[in-house]
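A quick write-up on the structure given underneath.
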Amino acid sequence: MNAETSVEPTLRLAEPVATGSGRWVLDPEVLTRNHIVGFGAMSDHSRPFFMIRSGLLHHATAMHQRVFAVTSAQAGNGKTHIATNLAATLSRIHPTILLELDLHQPSLGQRLGLPTDTPGIDDYLSGEAAWEDTAIQIEGFDLTVHRVRLARVNAGSLLASAALADILKRLRSNSNGPICIVDTPPALIGDDLVLIARGIDGVLLVAEEARSRKRDIIDVANALNPTPIVGTILNNSIALQSRSNSYGYYYQDDREGHSTGAPLANL
Ligand SMILES: Nc1ncnc2c1ncn2[C@@H]1O[C@H](COP(=O)(O)OP(=O)(O)O)[C@@H](O)[C@H]1O
Ligand SMILES: [Mg+2]
């Protein structure tokens, strides 16, 4: 099915999945609750992700690159939000892998309403599962998600493992293969991101309006060196406001001159 040409969102209610052969059907209510807009029809809320995907696809094709991490200085800047929505929109026109490598505070499974009992990338990194068995294929989209099943206190040693280096090398070397979007931990907490960055092609750096400090962004760029920053995204999610109200409402009507809450990209 070509998700891109359909007018209505192609999602149906969740039903059981068998990993490996089965495909997971996303629950639209979970997506709506978690502000995941990239699987639905184009709207004011999802348009920025369509634009980001165009820039990224152009870059990936021109440079023969395949693996990109989404990161930011701090927790809560919108890394998972942007990685997930970007992977969703990208998967409508190109084979896409969404790989979660925030092993300390995983959120992808909950954000997408994925099964909790199948092996995760953490099981692969600790040698307890095959890479293929951690794949969750999303019905109706060319998207494969490898989420973390359980938070891991030994994240550093898992990210330093040969298993991660092997899989990133495999993904990078397949220049006709899927584009992989990696959701990462905050760049300035521990050295997790440095371990991830050495195995990928480039980074999309997220800054959050009114929260991300210039000094932190410079520190992130230095920490990533020599891995290139291929794009920057300003996530003006007015998160401070929404965290302090009870509506969980990030998007405002830009026709009234307010922030849309949507990311602005420079790719
Ligand atoms: N632009 C946005 N629009 C709506 N919700 C957002 C936006 N950016 C972030 N959020 C929400 O803010 C919270 C923190 O974002 P998250 O992606 O988890 O940050 P991080 O991965 O950087 O820790 C989540 O609940 C997420 O859904
Ligand atoms: Mg996150």
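The values are calculated or read from the model by the stated rules, or taken from the named source; none is laboratory data. All figures in this text were calculated on a predicted structure; none of them were measured in a lab. As a convention, Cβ positions derive from the backbone with ideal geometry for all residues, glycine included, and neighbour counts pool all protein chains shown.
For the stretch 61-81, filtered to residues that are small (G, A, S) and out of contact with any strand residue (DSSP E or B) (no Cβ under 9 Å at 6 or more places or on another chain), the residue that is nearest to ligand 1 (Cβ to nearest atom) is A75.
Of the residues A41, A75, only one is out of contact with any Phe, Trp or Tyr (no Cβ under 7 Å at 6 or more places or on another chain), within 21 Å of A187 (Cβ to Cβ) and small (G, A, S); which?
A75
Which residues, taken from the stretch 82-95, are assigned to a helix (DSSP H, G or I) and more than 8 Å from ligand 1 (Cβ to nearest atom)? Scanning the stretch 82-95 gives N85, L86, A87, A88, T89, L90.
Taking the residues in the stretch 71-89 that are within 10 Å of ligand 2 (Cβ to nearest atom) and of a type in the set (A, V, I, L, M) as candidates, determine which candidate is nearest to the chain's Cα centre (by Cα). Working first, answer last.
Start the filter on the stretch 71-89 by keeping residues that are within 10 Å of ligand 2 (Cβ to nearest atom), which leaves 71-72, 75-84.
Adding the requirement that they be of a type in the set (A, V, I, L, M) leaves 75, 82-83.
Details: A75: 14, I82: 6, A83: 2 Å.
Only one residue tops the list, namely A83.
Residues that are under 27 Å from Q74 (Cβ atoms), among the acidic types (D, E) and out of contact with any His (no Cβ under 8 Å at 6 or more places or on another chain) are absent from the stretch 124-136 altogether. Tell me whether the stretch 30-46 contains one or more residues that are surrounded by 13 or more Cβ atoms within 10 Å (Cβ to Cβ), of a type in the set (G, A, S) and at pLDDT 95 or above. Yes, the conditions are met somewhere in the stretch 30-46. Under the condition of being polar (S, T, N, Q) and within 9 Å of R147 (Cβ to Cβ), the residues counted in the stretch 119-129 number 0. Checked against (1) surrounded by 14 or more Cβ atoms within 10 Å (Cβ to Cβ); (2) outside any strand (DSSP E or B); (3) among the hydrophobic types (A, V, I, L, M, F, W, C), V153 meets all criteria but (1).
Go through the stretch 96-114 and give me each residue that's outside any helix (DSSP H, G or I) and not charged (D, E, K, R).
To start, the set of residues in the stretch 96-114 that are outside any helix (DSSP H, G or I) comprises 96-107, 113-114.
Result: T96, I97, L98, L99, L101, L103, H104, Q105, P106, S107, G113, L114.
Which residues, counting only those in the stretch 107-133, are farther than 19 Å from E29 by Cα, polar (S, T, N, Q) and either in contact (Cβ under 8 Å) with a residue 40 or more places away in the chain or within 16 Å of ligand 2 (Cβ to nearest atom) (or both)?
Filtering the stretch 107-133 for residues farther than 19 Å from E29 by Cα gives 117-133.
With the extra rule that they be polar (S, T, N, Q), the set shrinks to 118, 126.
If the condition is that a residue be farther than 19 Å from E29 by Cα, polar (S, T, N, Q) and either in contact (Cβ under 8 Å) with a residue 40 or more places away in the chain or within 16 Å of ligand 2 (Cβ to nearest atom) (or both), then T118 is the only one that fits.
Of all the criteria given as (1) touching a helix residue (DSSP H, G or I) at 6+ places or on another chain (Cβ under 7 Å); (2) more than 16 Å from ligand 2 (Cβ to nearest atom), the one not satisfied by I136 is (1). Residue count for the stretch 198-225 under the criterion of being charged (D, E, K, R) and part of a helix (DSSP H, G or I): the result is 4. Checking each residue in the stretch 24-58 for being over 15 Å from the mean Cα position of the chain (by Cα) and part of a loop (DSSP other than H, G, I, E, B) picks out V25, L26, D27, G40, A41, M42, S43, D44, H45. Of the residues making up the stretch 203-237, those that are within 16 Å of ligand 2 (Cβ to nearest atom) and of a type outside the set (G, A, S) are V203, L204, L205, V206, E208, R211, V220, I233, N235.
Within the stretch 187-202, the residues that satisfy the criterion of being among the acidic types (D, E) and away from ligand 2 (no atom under 14 Å from the Cβ) are D191, D201.
Pull up the stretch 156-186, narrow it to residues that are more than 16 Å from ligand 2 (Cβ to nearest atom) and hydroxyl-bearing (S, T, Y), then point me to the one that is surrounded by the most Cβ atoms within 10 Å (Cβ to Cβ). Step through it out loud before you land on a result.
Taking the stretch 156-186 as the starting set, the residues that turn out to be more than 16 Å from ligand 2 (Cβ to nearest atom) are 156-158, 160-180.
If we keep only those that are hydroxyl-bearing (S, T, Y) too, we end up with 157, 161, 173, 175.
Working: S157: 12, S161: 16, S173: 11, S175: 11.
It comes out as S161.
Candidates in the stretch 165-194 are the residues that are of a type in the set (A, V, I, L, M), touching a residue at least 40 places away in the same chain (Cβ under 8 Å) and not in a loop (DSSP other than H, G, I, E, B); of these, the one that is nearest to A223 (Cα to Cα) is L193.
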